[in-house]
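The next block holds one structure in the form of structure tokens; read it before the comments.
Computed from the coordinates by the stated procedures, all read-outs in this text should not be read as laboratory data. Owing to the predicted nature of the structure, the values given are computational and were not obtained by experimental measurement. Cβ placement follows ideal geometry from the backbone for every residue including glycine, while neighbour counts extend to all protein chains displayed.
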């Protein structure tokens with residue numbers, strides 16, 4: 001029998017002329033890849049909803065498929081190889097019941113009847129020996145295909161004890177797992193119930209901080225991101241990643257502080273805490289800094305911690321010095 005599929009229909013991406021032996025569909029996913037091949041109907045779907053109404057309808061045979069492109073044999077089942085490429089028209093291809101399909105089914109049934117002695121209801125001795133006697137058999141044996149019970153039931157099934165044993169409806173109903181329930185916003189805040197799932201509404205109703213929402217933080221500690229050096233003549237600081245810099249034993253002059261952040265915010269704050277190694281060290285801050293009410297310090301005080309506060313100014317694109325303090 002030919003390959004077949006339900007609801008296999010698609011528009012052509014472009015019409016085809018007489019003699020052309022391939023076509024491309026908008027979506028051929030429902031069309032099977034041919035082995036034997038199969039018949040399909042080609043017609044002008046922009047004019048005729050029913051292909052039987054199209055005087056130029058053509059039955060083709062699909063012999064190959066590559067993604068959305070099908071190879072076809074034209075003029076099948078007494079139809080003509082004609083043009084299907086009128087400008088502005090849409091053409092479709094569909095797997096449909098044709099005379100050949102019915103002929104193939106009839107031939108298949110006739111062949112089976114012949115094998116059974118000319119009567120489709122006849123059972124051969126070999127087939128009879130394979131039948132199971134009621135109450136006599138304990139196993140069906142290894143099945144080569146799916147066991148189709150039609151409209152009949154399998155009854156008298158015991159409860160399963162192994163992974164691959166069948167279960168009854170009652171067994172499934174009696175052992176249905178308890179599904180988790182939704183948590184409320186208050187339960188999200190409590191954080192003590194791990195058996196409930198959280199929905200977007202529960203998050204909105206909770207006190208969870210959200211990135212883009214305006215919220216007031218109460219009783220919260222913001223932990224600064226601290227970059228630590230023992231000593232560095234040209235410390236490099238990424239202000240996207242750090243809010244504070246501490247240098248614990250500077251043993252040479254600082255000749256440049258290189259700020260490598262790329263997403264500085266207006267009024268973003270940055271604090272430096274610098275201590276020398278027992279010798280006063282000169283400090284040259286570099287082009288990323290400017291005085292903003294307080295002069296930039298130019299040296300450490302021997303063995304004292306120097307604290308310097310900066311606020312970023314997007315107008316000047318510089319870190320403005322707003323506070324300087326030496327350890328007492």
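Of note:
- Of all DSSP-defined beta bridges confined to the range 171-328, some 50% are antiparallel rather than parallel.
- Cβ-Cβ FRET estimate between residue 155 and residue 179, R0 fixed at 30 Å, reported to 0.05: 0.50
- Identified option (computed Kirkwood radius over Cα pairs in Å; candidates [x] 21.7; [y] 21.0; [z] 30.4): [z]
- Only helices enter the 222 nm calculation for the chain: every DSSP H run of n ≥ 4 contributes -39,500 (n - 2.57), and dividing by all residues gives -3500 deg cm²/dmol, rounded to 500.
- Cα centroid separation - the range 34-48 against the range 183-214, whole Å: 55
- Against the compact-protein benchmark of 2.2 N^0.38 Å, the Cα-based radius of gyration of the range 173-313 scales to 1.65.
- Counting only alpha carbon atoms, the long axis of helix 99-115 and the longest principal axis of the chain meet at about 60°.
- Residue-span extension gain [residue 193 to residue 11] - 0.36 nm each, minus C-alpha spacing: 60.1 nm
- Most simply put, the range 223-312 has about 35% antiparallel DSSP beta bridges, counting only bridges with both residues inside it.
- For 89, 84, 152, order by how many other beta-carbon atoms lie within 10 Å, fewest first: 152, 89, 84
- Gain on full stretching of the segment that runs from residue 105 to residue 280 - 0.36 nm per residue minus C-alpha separation: 52.9 nm
- For the chain: relative contact order, % (alpha-carbon pairs under 8 angstrom, 6 or more apart): 9
- Taking the DSSP bridge list for the chain and keeping only pairs wholly inside it, about 70 percent are antiparallel.
- Full extension of the chain between residue 142 and residue 77 gives 19.1 nm of extra length, using 0.36 nm per residue less the Cα-Cα distance.
- Cβ crowding within 10 Å ranks 239, 45 as 45, 239, fewest other Cβ atoms first.
- Against the empirical 2.2 N^0.38 Å (N residues), the range 9-101 has a Cα radius of gyration ratio of 0.96.
- Ranking of 272, 289 by count of other Cβ atoms within 10 Å, fewest first: 289, 272
- Label-point separation in nm, residue 226 to residue 290, each point 7 Å along Cα→Cβ: 3.1
- The calculated FRET efficiency for the pair residue 236 and residue 322, based on their C-beta separation and a Förster distance of 25 Å, comes to about 0.65.
- Taking 7 Å steps out from each Cα toward its Cβ at residue 47 and residue 208 produces label points 6.0 nm apart.
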